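Laboratory data are not the source of any read-out in this text; all were calculated from the coordinates shown. Everything numeric in this text was worked out from a predicted model, so none of it was measured. Using ideal geometry, Cβ is built from the backbone for each residue, glycine included, and neighbour counts are taken over all protein chains shown.
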2 protein chains.
Amino acid sequence: MAPRNKVTLKKIAELLKVTPATVSKALHDSSDISDAMRKKVKKTADKLGYRPNILARTLIQHRSFLLGVIIPDLRISFFSESSRGIYERARKRNYETILMVHDEKHEIEKENLEFLSDLHVDGILLNPAPGKFNYDVYDKLVEEGIQIVCYDRKLDDYNFPSVTIDDRKASYILTCEMLRLRRRKILFLGPNKGISVARERYLGYLDALSAYKVALNPDYVIPSDLSQTHSYEKMKSALDRGIEPDAVVCVGALVAYGAGNAILDSGLSIPDDIILGEFGDNDINSRLGVPFLTINQNPYKIGQAAVDLLVQNIEAKEKVVSEHIIIETKLLRREYGIRRHRSV
Amino acid sequence: MAPRNKVTLKKIAELLKVTPATVSKALHDSSDISDAMRKKVKKTADKLGYRPNILARTLIQHRSFLLGVIIPDLRISFFSESSRGIYERARKRNYETILMVHDEKHEIEKENLEFLSDLHVDGILLNPAPGKFNYDVYDKLVEEGIQIVCYDRKLDDYNFPSVTIDDRKASYILTCEMLRLRRRKILFLGPNKGISVARERYLGYLDALSAYKVALNPDYVIPSDLSQTHSYEKMKSALDRGIEPDAVVCVGALVAYGAGNAILDSGLSIPDDIILGEFGDNDINSRLGVPFLTINQNPYKIGQAAVDLLVQNIEAKEKVVSEHIIIETKLLRREYGIRRHRSV
DNA sequence: ATGGTTTTCGATAACGTTTAAGCTAATTTA
DNA sequence: TAAATTAGCTTAAACGTTATCGAAAACCAT
C-alpha cells in the first residue's frame, strides 16, 4: 500500500531546518523552546494542516485519548440517546469515542473488547451481554490497565464502577402504577436472572405485588431472552395457551416491541386490554404511538456521568475511584392508543 | 501512563532466543522460516495469547484493515440495520469497522472524517450531512488515498462509488400507492433540494402526480430539514393554518416521526385521516404501531454491497472501481392503525 | 574575567512492528 | 571438488512520534 500523503513532524522540521524534537516540543508549549521558535513552528504547522499521528503517539505514550463504548443493540433508543451524551461529553474532555455493538452475543462482545484493547483505548464504557461466560477477557483488560465503567448493566463478578438507575425501585414504581390502574394480572416478561438489571427489575416487580397484597402467579413470570423475536414468541405462546394478562412488565425495549406485536397480533389492544410497561429513554414521544408506561432512565445524563467517572479513573494518578452512581428516574405515560387496523 | 502489560513480538523472541524478525516471519508463514521454528513460534504465541500491535503495524504498512462508517443518526432504523450488514460483512473480509454519528451536522461530520483519517482507516462508508460546506476535508481524504463509498446518500460534487436505491422510482411508487388509495391531497414534507436523496424523492413525487394527472399544489410542498423537531413544527403549523392533507410523503424516518406526532396531536388519525409514507427498513413490524406505507430499502443488503464495493477498491492494485449500485426496493404496508387515546 | 545558572536547541533512543539486505552454513550443480 | 545456489536466520532501518540527556550559547552575579 502506498504511504499516506500526510504532513508529519519530520517534514515540518526539515522545512524549518530544525529537528523533529524541537517541533514536537514547540507544539506542546514546552518551556524548552523560545517564543520565536514556538510561533514559527505553530504557524507552519497550521498552514500545512498538520495533524499528529495518533498511532505513533500512542505507541510511545501508552495513551490514546480513545474511549470504547460497547452496547447491545442500536435499535434500543436508550442506547442511541446515551451514546449521544457519551460522545459529546467525551469530546469536551478531549477524548474520542468508538462505538461497538455486540447484539447480545458473548462472542461478539469478546471480539469488541479485544479490538478495543488492540486499539489501545484508555477506557471502556461497557454494557455486558447477559449470561455467563469465560471471564478471561475482562481479566486481561484489567491487567492491561484499561479502565472500565459499566452503565445501565453491571457485571456481577467484577466491581467495576458503574452508573445505573435503581432498577429495583424503578420496576417497583412501574408495577405499582399498573396496580394503581386496577390491573391485577400482571405478567413479567424477560430474563429474571443472569444479568443484574433483569434480576433487580424482577425483585421490584415482586415488591410491588406484595405491597398491593397480590399473590404472585408463577404462570405470569415468563422467561425470555432480550431479543425481540424470542420475546414475541414467548408472549404469543402465552396468549395462545389462554393466559390473559391485563398488563406486562417488559425487562427491555426489544422485549417490549416483541410483546407489543404479539399482543396486537392476537387482536388485543394497548393499553385498553393490556398495559405495556418498559424501561426507556426520555424522548417518550419520539417513537410514534408506542403506548407504554415508560420509566425514563435519563440516558443522556447517564452517558455523561459514565464518561466523567471513566475519565476520572483514567486520569487518576494512583488510586482508582470505584463508585456506583445512581441516576434518578421518572415514570412517564404515553398518550397514544394502538390496535390492529381494519383496512385503509 | 504505565505501559500496557502486553505480549509483544520482542518478548516472544527473547523467550525463544531468536530475533523479532524471525518471530514476525514465522507468524506470517514466510518461506524464510523452517517448519520447526514456525511451529515453535506459533505455539508459544498462542500460549501467551499474543495479539499483534495494530498501531505499530499500521505505522509501517500504511494499512490498518479498519473501515470507518459515518451515519447521520442512530435512531433511524435504516442505519441500525445497515450497520449490522456492514459489520458482519466487514468481519468476514477481515476488516474491523468504526461507527461514527454526525447528527446531520457538518462540523461533526468533518470531525468524524478527520478522526477516521487520524486512525488511518483504509476506507470510509459515508452518509454525508445535507447541504453545502467546505469540501477541503474530502479533498484531503482523496489525497491521502483513503477510499470512500457512499451509501443511501450521495455527494453531488464527488463521483464516489455508491450503493443506493432508485430514490426517484421508489418515491414514485410510494406516491402512486397513495393515489391508488384515492388520496389526492398529498403533502411532500422534508428537504427537496441540497441532498441528492431528497431531490430525487421530490422528483418521484412529481412524477406520480403527473402520472395521475393531479396538479401540483405548491402549498403542499413543505420544506423542512431532516430533524424530527423541525418536521414536527412544520407539519403542525401547516395543519394549524388550515391545510388538510390526506397523505404525506416524508423524506426521512425522523421527518415521519415528527409528522406523525403532529398529525396525532391535531386529533387526526393515521391512516384513516392521513396516510403517512416513508422510506425505511425491512423490519417493518419491529417498531410498534408505526402505521406507514414504507419503502423497504433493504438496508442489510445495502450495507453488504457497500462493504464489498469499498473493499474491492481498497484492495485493487491500480485502477479504482467507480461504480453505482442500485438495490431493489419493495413497497410495504403496516397493519396497525393509530390515534390519540382517550384514557387508560 | 570567572564561575555558575538558565535558556534553547540537538542527538539519541525508544515504542512494536515489518522488510530489505546480509550473512553463514548446508545443499545442490556442473 | 570448486562454484553456485539455497535455506534459515540476523542485522539494521524504517514508520512518526516523544522523552531523556547533553551541549552550546546566553545571561547573571561576583
> According to the Kirkwood expression over distinct Cα-Cα pairs, how big is the hydrodynamic radius of chain B, in Å?
Replying inline: 22.6 Å
> Most exposed first by the Cβ proxy, i.e. fewest other Cβ within 10 Å, how do A:Lys301, B:Lys317 rank?
Replying inline: B:Lys317, A:Lys301
> For chain A, modelled as a Gaussian network with Cα springs under 10 Å, which listed residue fluctuates most, A:His120, A:His324, A:His28?
Replying inline: A:His28
> According to the square roots a ≥ b ≥ c of the eigenvalues of the Cα gyration tensor, what is the shape class of the protein assembly as shown, taking rounded for a/c under 1.5, prolate for a/b larger than b/c otherwise, and oblate for the remainder?
Replying inline: oblate
> What net charge is computed for the residues neighbouring B:Thr22, neighbours being all others with C-beta under 14 Å from the C-beta of B:Thr22, Lys and Arg scored +1, Asp and Glu -1?
Replying inline: +4
>> Please report the spacing between the Cα centers of region B:152-195 and region A:161-202 in Å, no decimals.
In response: 43 Å
> Angle between the Cα long axis of helix A:77-92 and the longest principal axis of chain A, 0 to 90 degrees, nearest 10?
Replying inline: 20 degrees
> Exposure proxy check: B:Cys176, A:Cys150, B:Cys250 ranked by fewest other beta carbons within 10 Å?
Replying inline: B:Cys176, A:Cys150, B:Cys250
> Which of these, B:Gln304, B:Gln61, B:Gln228, has the largest mean-square fluctuation under a Gaussian network model of chain B (Cα springs below 10 Å)?
Replying inline: B:Gln61
> How far is B:Asp136 from the same spot in each other copy, in nm, shortest first, if each label point sits 7 Å from Cα toward Cβ?
Replying inline: 4.9
> Rounded, prolate or oblate: which fits region A:42-123, taking a ≥ b ≥ c as square roots of the Cα gyration tensor eigenvalues, rounded meaning a/c under 1.5, else prolate when a/b beats b/c?
Replying inline: oblate
> Taking a label point 7 Å from Cα toward Cβ, how far is B:Tyr212 from its twins in the other copies, in nm, shortest first?
Replying inline: 4.7
> Sorted from fewest to most neighbouring beta carbons within 10 Å, what does the list B:Tyr151, B:Tyr135, B:Tyr300, A:Tyr232 look like?
Replying inline: B:Tyr135, B:Tyr300, A:Tyr232, B:Tyr151
> Roughly what % of DSSP beta bridges within the protein assembly as shown run antiparallel, to the nearest 5?
Replying inline: 20 percent
>> List, shortest first and in nm to one decimal, how far the label point of A:Arg93 (7 Å from Cα along Cα→Cβ) is from its counterparts in the other copies.
In response: 3.6
> How far is the Cα center of region A:216-280 from the Cα center of region B:57-104, in Å?
Replying inline: 34 Å
> Antiparallel DSSP bridges in chain A: what percent, to the nearest 5?
Replying inline: 15 percent
> Which of A:Gln297, A:Ser117, B:Gly252 sits closest to the plus end of the dipole of the protein assembly as shown, meaning its Cα is farthest towards the positive end, when Lys and Arg get +1 and Asp and Glu get -1 on the C-beta?
Replying inline: A:Ser117
